[in-house]
1. How much of the pair distance distribution for the chain lies past 20 Å, counting alpha-carbon pairs only, in percent?
2. Which FRET efficiency value, to the nearest 0.05, do you get for residue 117 and residue 26 by plugging their Cβ-Cβ distance into 1/(1 + (r/R0)^6) with R0 = 35 Å?
3. Whole-Hz ³J(HN,Hα) for each residue in region 6-14, computed from phi via Karplus 6.51 cos²θ - 1.76 cosθ + 1.60 with θ = phi - 60°, x for glycine and proline: what do you get?
4. Near the amide H of residue 4, under 5 Å away, which other amide H atoms are found, from residues 5 or more places off or on another chain, if H is placed in the peptide plane?
5. Take the cross-link list 104/135; 2/135; 2/115; 2/104; 4/55 and give me the ones stretching past 24 Å between alpha-carbons.
6. Taking the highest mean first, how do the peptides 75-86, 126-137 order by number of other beta carbon atoms within 10 angstrom per residue?
7. Taking only DSSP H segments of four or more residues, each worth -39500 (n - 2.57), what value at 222 nm results for the chain once the sum is divided by all its residues, to the nearest 500 deg cm²/dmol?
8. Could you give the size of the charge dipole of the chain about its Cα centre, using +1 on the Cβ of each K and R and -1 on the Cβ of each D and E, expressed in debye and rounded to the nearest 20?
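Every read-out reported here was derived from the displayed coordinates using simple, explicitly stated rules and does not represent laboratory data. Keep in mind it's a predicted model, so treat the numbers as computed, not measured. Neighbour counts are summed over all protein chains in view; Cβ atoms, including those assigned to glycine, are modelled from backbone coordinates with ideal geometry.
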Amino acid sequence: MKRKVLFLCTGNSCRSQMAEAIVNARHVPCGDAARGEEWEAVSAGTKPAGYVHPKAVAALAEIGIRHEGRSKLADEFRGVDFDLVVTVCDSAAEECPVWLGKGKRVHHSFPDPAKTDDMDDFRRVRDEIARVIPKILEDYAN
């Protein structure tokens, strides 16, 4: 059985998209890895930008992850039961919809690389997400 995680940010164009793609591409285990359980990730925004930032897609491609996600409004997931909701920016944590069900909520803010539009910032945030998110998921599963 897969556990479901929602990555939530404001624009759903960079950070939450990268977290979704990394978790799904790397088949991050949940709990007992011997049983082959893993996480299934989706992402959404409280005020979606309407696009996935091209540099976020390029940063993922550099580590072998092809991401074809789309920017989504959190309302699309109304009624979906998530095991975990991870807010990845401060404003999303403040605006986190109360209807997001029974799942546990965790907050870890990552810098917004779109603010500088510098490819090195996208890489740094990607690498931090790839390092931090699996630990958050592991902590939840244990």
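1. 40 percent
2. Numbers: r = 26 Å, r/R0 = 0.75.
Using R0 = 35 Å, I get an efficiency of 0.85.
3. 10, 9, 10, 9, 6, x, 6, 10, 10
4. Amide H neighbours of residue 4, under 5 Å, 5+ apart: 40, 83, 84.
5. Numbers: 104/135 15 Å; 2/135 17 Å; 2/115 34 Å; 2/104 16 Å; 4/55 26 Å.
Checking Cα-Cα distances, 2/115; 4/55 exceed 24 Å.
6. Numbers: 75-86: 16.3, 126-137: 18.0.
Top to bottom by mean Cβ count within 10 Å: 126-137, 75-86.
7. On the way: 4 runs with 50 residues, N = 142.
About -11000 deg cm²/dmol.
8. Details: 21 positive and 23 negative charges, 46 e Å.
Dipole magnitude for the chain comes out near 220 debye.
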